[in-house]
Number of protein chains: 2
Amino acid sequence: MYWGITGLGEPIRCALAVGGHAFKDSNPNNDETFKARKEATGQQVPILMVDGKPMGQSKAILKYIGRISSFDGKPLYPTDPLEAYWCDELMELCDDVRAPLAPTFGIADQAEKEAARAALLAEDGKCSKMLAKLDKRLEGEFGTLNVGDIYAFSVCNLFRQPTFIDGFPAGALDKYPNITRHHEWVAKCPPVLAYYADKDGIRTTFKPFS
Amino acid sequence: MYWGITGLGEPIRCALAVGGHAFKDSNPNNDETFKARKEATGQQVPILMVDGKPMGQSKAILKYIGRISSFDGKPLYPTDPLEAYWCDELMELCDDVRAPLAPTFGIADQAEKEAARAALLAEDGKCSKMLAKLDKRLEGEFGTLNVGDIYAFSVCNLFRQPTFIDGFPAGALDKYPNITRHHEWVAKCPPVLAYYADKDGIRTTFKPFS
């Protein structure tokens with residue numbers, strides 16, 4: 001259960017698809033029981049309903065799916081302690097990238113809000129600083145796709161046009177070669193490619209660029 | 001490597017102690033090489049140095065320690081997918097509790113800063129709302145101590161006097177019976193009790209209250 005946007009629900013949807021799990025993507029646009037069921041849980045979305053019981057907190061859900069899924073013969077959330085550390089570390093770095101966005105959702109004036117968001121991606125902007133760190137983190141060869149990669153892919157797409165977050169200039173992430181390379185690598189993984197093949201709108205950015 | 005405060009370094013120190021790992025708690029007060037070594041890593045603290053290599057991101061470090069540690073015959077970070085989910089979920093809920101604090105660190109005026117923090121803990125304050133959720137989350141029996149419990153214990157202690165964060169009223173967490181019960185349960189776990197036995201100042205709150 002989540003809104004129709006990508007946001008924090010999208011990595012979960014993508015991981016469920018990669019793991020080959022049948023799931024119902026319930027949102028206010030396709031499910032008239034959404035609001036009542038959401039309120040009955042007393043939790044914030046995203047919520048994963050398993051056997052009628054709600055599971056909350058987006059990264060905890062994502063890692064849970066990773067634990068019960070595999071891709072290319074490896075667990076989608078690594079079991080080796082050091083590999084799992086690097087997966088967790090990547091997710092936490094992505095949270096550092098998106099953290100400066102949070103206060104902008106509280107800005108009432110539309111022009112002011114868009115200006116604040118553009119500033120985050122300007123030279124030396126708060127998000128730019130973290131994106132530069134993420135770009136360096138993604139240097140070198142990628143391993144086997146895991147939930148950390150799916151999270152990084154989804155978080156970076158928040159900043160790419162078209163997105164549901166107003167105010168980001170087009171092409172803002174083009175200057176980060178490793179982030180772009182990582183995007184292409186994730187987008188071209190066969191189950192990711194298949195899941196997004198018939199998607200459009202704000203999910204256009206989840207397809208390969210080339 | 002971390003500042004002398006508790007903050008995001010303390011759950012790591014506590015987990016290292018519970019896991020029985022020998023470690024050097026390096027901070028600017030006890031290590032004159034701290035600043036140079038920190039800058040050489042290019043990362044934010046806390047940093048765990050293992051065999052001369054830096055590991056960053058506090059929750060990723062904490063879970064890594066949990067994976068290579070055990071307590072009472074069980075892994076300090078659960079390996080069962082559902083138990084691990086509930087551990088992750090608790091940590092993410094604790095991040096929701098502390099998230100509203102972040103903007104207050106940027107308030108220059110001391111009186112204004114303290115007022116903003118007191119407001120977070122007032123009836124219907126942003127932290128109070130999440131603390132009420134956490135209190136409900138901690139209802140019932142506790143299982144075997146894990147890194148999620150250590151994280152919850154440390155995050156809640158940020159709000160207890162004495163703390164390094166100015167502006168919180170004394171006794172602000174007294175109205176949450178399950179949070180208090182959880183505090184006592186963690187504080188009385190033998191390796192936690194032993195680690196804090198000779199600590200004082202802002203670490204007084206890491207000892208049992210009764």
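The values are calculated or read from the model by the stated rules, or taken from the named source; none is laboratory data. Source: prediction; values computed, not measured. With ideal geometry, Cβ positions are generated from the backbone for all residues, glycine too; neighbour counts draw on all protein chains shown. Ligands, DNA and RNA are stripped out before the accessible areas are found, and what is left, the full protein with its side chains, is counted by its heavy atoms. Shrake-Rupley method; radii C 1.70, N 1.55, O 1.52, S 1.80 Å.
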Exercise for review: Determine which single condition residue A:86 fails, assuming it passes every other condition in (1) within 16 Å of residue A:144 (Cβ to Cβ); (2) open to solvent by less than 10 Å² (accessible area, probe 1.4 Å); (3) in contact (Cβ under 8 Å) with a residue 24 or more places away in the chain; (4) within 10 Å of chain B (Cβ to nearest Cβ).
Suggested key: (2)
Review point. Is at least one residue of the stretch A:145-166 under 28 Å from residue B:50 (Cβ atoms), touching a Lys or Arg at 6+ places or on another chain (Cβ under 9 Å) and more than 14 Å from chain B (Cβ to nearest Cβ)?
Key: yes
Study note, to complete from the structure: Scanning the stretch A:170-198 for residues that are within 24 Å of residue A:3 (Cβ to Cβ) and surrounded by 12 or more Cβ atoms within 10 Å (Cβ to Cβ) gives A:172, A:173, A:183, A:186, A:187, A:191, A:192, A:195, A:196
Study note, to complete from the structure: Over the stretch A:164-173, the set of residues free of Cβ contacts under 8 Å to residues at least 60 places away in the same chain and more than 15 Å from residue A:138 (Cβ to Cβ) is A:166, A:168, A:169, A:170, A:171, A:172
**Study point:** helices (runs of 4 or more DSSP H) fully within the stretch B:94-210 counting 3 or more residues that are touching a Leu at 6+ places or on another chain (Cβ under 7 Å)
**Key:** B:126-137, B:147-157, B:177-187
Review point. Would it be correct to say that residue B:105 is of a type in the set (Phe, Trp, Tyr) and farther than 30 Å from residue B:67 by Cβ?
Key: yes
Exercise for review: Output the residue which, of all residues in the stretch B:89-125 that are away from chain A (no Cβ under 14 Å) and hydrophobic (A, V, I, L, M, F, W, C), is most open to solvent (accessible area, probe 1.4 Å).
Suggested key: B:108
Exercise for review: For residues that are closer than 21 Å to residue B:137 by Cα and facing chain A (nearest Cβ under 8 Å), scanning just the stretch B:40-78, find the one that is least open to solvent (accessible area, probe 1.4 Å).
Suggested key: B:63
Exercise for review: State all residues of the stretch B:1-35 that are in a helix (DSSP H, G or I), of a type in the set (Gly, Ala, Ser) and in contact with a Ser or Thr (Cβ under 9 Å, 6 or more places away or on another chain); if no residue qualifies, say none.
Suggested key: B:15
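Does residue A:142 satisfy the criteria of being modelled with pLDDT under 95 and open to solvent by 40 Å² or more (accessible area, probe 1.4 Å)?
no
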Check your understanding: Can you tell me how many residues in the stretch A:36-67 are in contact with a Phe, Trp or Tyr (Cβ under 7 Å, 6 or more places away or on another chain) and in a helix (DSSP H, G or I)?
Key -> 6
